[in-house]
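Here is the structure we will look at.
The values are calculated or read from the model by the stated rules, or taken from the named source; none is laboratory data. Predicted, not measured: the structure shown is a model, and the values here were computed from it. Here Cβ is always computed from backbone atoms with ideal geometry, including for glycine, and neighbour counts include all displayed protein chains. Areas reflect the complete protein model, heavy atoms only, side chains present, ligands, DNA and RNA absent. Shrake-Rupley method; radii C 1.70, N 1.55, O 1.52, S 1.80 Å.
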Amino acid sequence: MTDSKRRKPTLVADKRYPSAGRKKTSAKSTRKAPPKKTTTRKAKPKRTARKTARRSTRGGGITGAIRRFFGWIFGMIWGFAWRVGMVVLLLVALAVGLVYTTLPEVDALLDGRARGSVTMLDREGKVFAWRGDQFGGVITADTVSKHLKNAVVATEDKRFYRHFGISPRGVASAVRINLREGRGPLSGHGGSTITQQTAKLLCLGVPYEPGQWESEAAYESDCRQGSLWRKVKEAVYALAMEVKYSKDEILTIYLNRAFLGAGARGFEAASQRYFGKSAAEVSPAEAAMLAGLLVAPTRYAPTNNLQRSQDRAQLVIGLMEEQGYLSTAEAKSARANPAQLSEAAAARAGGYFADWVMASGPEFFTRNTTEDVVIRTTLDQRLQTAAEEAMQFVFQEKVKPGSKAQAAIVVMSADGAVRAMVGGRETRVSGAFNRATQALRQTGSSFKPFVYATALELGYSPNDIVLDEPYCLNIPGSGRWCPKNYTKRHYGRVTLTQALKDSLNVPAVKVAEVAGLDNVRTVASNFGIQSDLAAGPALALGASESTLIEMTGAYAGILNGGSSVEPYGLTQLKLLGEDEPLMDTSTGIGERVIRTDAARQLIWMMEKVVSQGSGKRAALPGWQVAGKTGTTQAARDAWFIGFTADYVTGVWMGYDDNTPLSGVTGGGLPAEIWHETMVRVTEGMTPSPLPMLAPKQPVRTAQQPKRSKPRRGGGFGQAVDRLLKDIFGGN
């Protein structure tokens, strides 16, 4: 038993955890179990326990297998993703480097217009209209108003000075907004930074080549497309710009190239266009309005709808306040005092006139100019306002609501200088159909002065007699034609003056026949009526078509003593910054058409039209006025053209689709529009007498025919009778 006790092995647990009450072992025992060896044996159970624990944790079964599978998948994806990412980053870096080498210096990117601009001055030298792509001059992020700079950043890209050209947060936010509003992720809000927008304005460095594009509009539309591939290229170009240029240089390019409505390219042009001041001088309210245009330039242009533009500016002011660019007091002041248009921009005077000058001027300096051109014109803004107000007054007060009737007005000096032009009821327009210059309409009785001008030139007197009676002609190819007076009555023996005063048709046809239709046609053409003139006797009744500006110019020839005029609006043309003009025009007077005495006698006859005849509604108290009414068949056109000693004014009224006017003749609403225009035109002026010449006693008197009962009148009546006898035979 003693031996068995001595050979009993010591338990492992006893070796690891000796009891507190056990006696210390001897030195001999210690040598047999050195600490090093004991430590090694003690570590093995610990590793085994950890392995056992891991096996139990990772263990077998479905859960462990799924975890191992997804871990393997994640590892594969991660390995693939970082390798692809590295390749993509390398390609992007190469692309950015390639684009970087193509970027020019900043100065070459500030004015990227393909066309030049045309600035128009009135007769006093004041700006009243702009055409083409206006560039007001270079501004920089340093020279522009701090309010405008802050407004642009606050509105378009509040992190502009903190990002590297693209903003993932901005893109994500834009996608979220687009999806929430029911659009595609790339439709609507784009999340573009100012750098990306500048890249788009530069069309990613692709210049406009006229031969490669259908139009400049098609080129710009392609530049603005929002496809995914385009967005990628745009991002690369933006990154390259961030490497090449400083933030302020990028902002400078943006400020100079952004389109801001009404043809304005860049904030300097827009500020000059809308406020008549430099972009360096704009107030917070004006800066907010300009920055607000960026989202939709045409819609928010203050010249289109000032209230809408001011409402948009209020939102921008709120952003500026929120981002700390404006104090509460400054924001409150800006809201209380919204930006207002300059006087010239608010008036938007002479839109039809400006379009006419652009269409009639030299093409390479107007419609297709690549230079910046300044044109001085004949426009008188006071007279332009007078014509516009007269148009609005008559249509508001004397035309039934809902009427689609149109009207046009031209005011002209006797030398052909056009002082005012209204081409339709909408007066503040640009690029609209101009009824004063583009609409060919039958002239009606407003043509008759040229019939009588021909007779007077041939030596007849305003007091000569013509017989107004039933009268018919056989027209070759058309048959029998019997002109009738508007009143359906005949008045017997009348003077030429009475025939014109009362606008009698039969006497006008007889006079034209005696004077010679070819002669009448020549006189009218020489006075400036260039449209095709009717070949038959209906020529005398205004069967031909003409434009209002042609007819007004022809009447100006009567006023100036019988010389033709070429209506003109351009007096001087020069390049911006140049002192010497390229073109000068001082008058539109051409060659003489009829004798001065004949013209003055005709004026005397036409004065009776207003003082005693069909044009009484046009009369101006205290002024001598001469003119002529005109109403075409079925009242499709109504005219009144008349003049004082200073100005000739023409008015046309009708429907664009030739619908007959209801109850309107030339002596009605057109004469009233003329009257309202000239009341305003002559305000403050001293009346001047017309250059007219009263006739002497009749040169030709009525002669008794050979028959016992008189059948024919003297003067023109007798001459016509002789002509008809020669043509048709008989007694």
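Ala432 - would you say it is open to solvent by less than 10 Å² (accessible area, probe 1.4 Å) and either among the hydrophobic types (A, V, I, L, M, F, W, C) or farther than 23 Å from Val127 by Cβ (or both)? Explain how you work it out, then say what you get.
Values: open to solvent by less than 10 Å² (accessible area, probe 1.4 Å): no; either among the hydrophobic types (A, V, I, L, M, F, W, C) or farther than 23 Å from Val127 by Cβ (or both): yes.
Criteria not met by Ala432.
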If you scan the stretch 264-285, which residues turn out to be surrounded by fewer than 21 Cβ atoms within 10 Å (Cβ to Cβ) and either more than 16 Å from Leu110 (Cβ to Cβ) or among the polar types (S, T, N, Q) (or both)? Gly276, Lys277, Ser278, Glu281, Ser283
Determine whether Ala288 is buried (at least 21 other Cβ atoms within 10 Å of the Cβ) and of a type in the set (Gly, Ala, Ser). yes
Which pairs do you get when a residue that is charged (D, E, K, R), found in the stretch 240-269, comes within reach of a residue that is in a helix (DSSP H, G or I), reach meaning Cβ atoms under 7 angstrom, with the pair 6+ apart or on two chains? Glu242/Thr195; Lys244/Tyr100; Glu249/Val106; Arg257/Leu201; Arg265/Arg257
Restricting to the stretch 298-316, name every residue that is surrounded by 15 or more Cβ atoms within 10 Å (Cβ to Cβ) and either touching a residue at least 60 places away in the same chain (Cβ under 8 Å) or farther than 15 Å from Glu156 by Cβ (or both). Ala301, Pro302, Thr303, Asn304, Leu306, Arg308, Ser309, Gln310, Gln314, Val316
Among the residues that make up the stretch 319-340, is at least one of them modelled with pLDDT under 95, assigned to a helix (DSSP H, G or I) and out of contact with any Asp or Glu (no Cβ under 9 Å at 6 or more places or on another chain)? no
Going through the stretch 60-99 in order, the residues found to be farther than 24 Å from Gly165 by Cα and either of a type in the set (Lys, Arg) or in contact (Cβ under 8 Å) with a residue 40 or more places away in the chain (or both) are Arg67, Arg68, Arg83
Members of the stretch 593-643 found to be part of a loop (DSSP other than H, G, I, E, B) and touching a His at 6+ places or on another chain (Cβ under 8 Å), listed by number: Ala619, Leu620
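If I go through the stretch 76-117 residue by residue, how many of them are out of contact with any strand residue (DSSP E or B) (no Cβ under 9 Å at 6 or more places or on another chain) and open to solvent by 40 Å² or more (accessible area, probe 1.4 Å)?
Of the stretch 76-117, the ones out of contact with any strand residue (DSSP E or B) (no Cβ under 9 Å at 6 or more places or on another chain) are 76-110, 114.
This time we only want the ones that are open to solvent by 40 Å² or more (accessible area, probe 1.4 Å), so: 76-78, 80-84, 86-94, 98, 100-102, 104-105, 107-108.
Residues that pass the stated criteria total 25.
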Condition broken by Gly416, with the remaining ones in (1) touching an Asp or Glu at 6+ places or on another chain (Cβ under 6 Å); (2) over 21 Å from Trp130 (Cβ atoms); (3) open to solvent by 10 Å² or more (accessible area, probe 1.4 Å) satisfied: (3)
Check the stretch 473-494 and report whether any residue there is crowded, with 24+ Cβ neighbours inside 10 Å, touching a strand residue (DSSP E or B) at 6+ places or on another chain (Cβ under 9 Å), under 23 Å from Ile603 (Cβ atoms) and not hydroxyl-bearing (Ser, Thr, Tyr). no
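Go through the residues of the stretch 393-401 one by one and say whether even a single one is touching a residue at least 12 places away in the same chain (Cβ under 8 Å), among the aromatic types (Phe, Trp, Tyr) and either at positive phi or in contact with a helix residue (DSSP H, G or I) (Cβ under 7 Å, 6 or more places away or on another chain) (or both). Don't jump to the end; show me each part of the working.
To start, the set of residues in the stretch 393-401 that are touching a residue at least 12 places away in the same chain (Cβ under 8 Å) comprises 393-395, 398-399.
Subsequent filtering for residues that are among the aromatic types (Phe, Trp, Tyr) retains 393, 395.
Filter once more, keeping what is either at positive phi or in contact with a helix residue (DSSP H, G or I) (Cβ under 7 Å, 6 or more places away or on another chain) (or both): 393.
Yes; the residues of the stretch 393-401 include at least one that is touching a residue at least 12 places away in the same chain (Cβ under 8 Å), among the aromatic types (Phe, Trp, Tyr) and either at positive phi or in contact with a helix residue (DSSP H, G or I) (Cβ under 7 Å, 6 or more places away or on another chain) (or both).
In the stretch 245-252, is there at least one residue being at pLDDT 85 or above, open to solvent by 60 Å² or more (accessible area, probe 1.4 Å) and under 21 Å from Gly112 (Cα atoms)?
The first filter runs over the stretch 245-252 and keeps only residues at pLDDT 85 or above, leaving 245-252.
Those still in the list that are open to solvent by 60 Å² or more (accessible area, probe 1.4 Å) too: 249.
From the residues that got through so far, the ones that are under 21 Å from Gly112 (Cα atoms) too are 249.
Yes.
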Wholly inside the stretch 435-541, strands (runs of 3 or more DSSP E) that include 3 or more residues that are not aliphatic (A, V, I, L, M) are 479-481, 492-495
Among the residues of the stretch 379-413, how many are of a type in the set (Ser, Thr, Tyr) and either over 26 Å from Glu566 (Cβ atoms) or not in a loop (DSSP other than H, G, I, E, B) (or both)? 2
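Conditions (1) under 18 Å from Ala638 (Cβ atoms); (2) hydroxyl-bearing (Ser, Thr, Tyr); (3) modelled with pLDDT of 95 or more, marked per residue:
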| position | (1), (2), (3) |
| --- | --- |
| Thr487 | yes, yes, no |
| Thr522 | no, yes, yes |
| Ser544 | yes, yes, no |
| Glu550 | yes, no, yes |
| Val565 | no, no, yes |
Search the stretch 104-125 for residues that are part of a strand (DSSP E or B) and pair each with any residue that is hydroxyl-bearing (Ser, Thr, Tyr) and surrounded by 17 or more Cβ atoms within 10 Å (Cβ to Cβ) when their beta-carbon atoms are under 8 Å apart and the residues are at least 6 apart or on different chains. Ser117/Thr369; Val118/Thr366; Val118/Thr369; Met120/Thr377; Leu121/Thr377
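Return yes when Ala129 is surrounded by 17 or more Cβ atoms within 10 Å (Cβ to Cβ), of a type outside the set (Ser, Thr, Tyr) and not in a strand (DSSP E or B) and no when it is not.
Values: surrounded by 17 or more Cβ atoms within 10 Å (Cβ to Cβ): yes; of a type outside the set (Ser, Thr, Tyr): yes; not in a strand (DSSP E or B): no.
So Ala129 fails the test.
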Among the listed residues Glu234, Glu209, identify the single one that is open to solvent by less than 10 Å² (accessible area, probe 1.4 Å) and among the charged types (D, E, K, R). Glu234
Cβ contacts < 6 Å: first residue under 22 Å from Thr596 (Cα atoms), restricted to the stretch 677-697; second residue among the small types (Gly, Ala, Ser) and crowded, with 19+ Cβ neighbours inside 10 Å, any location; separation 6+ or different chain. Result? Leu690/Ala626; Pro695/Ser461
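Identify all residues within the stretch 493-533 that are on the phi > 0 side of the Ramachandran plot and over 44 Å from the mean Cα position of the chain (by Cα); write none if there are none. I'd like the intermediate steps shown before the answer.
Within the stretch 493-533, the subset on the phi > 0 side of the Ramachandran plot is 503, 516, 528.
Hit for the stretch 493-533 is Gly516, nothing else.
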Condition broken by Pro581, with the remaining ones in (1) under 25 Å from Val523 (Cα atoms); (2) out of contact with any helix residue (DSSP H, G or I) (no Cβ under 8 Å at 6 or more places or on another chain) satisfied: (1)
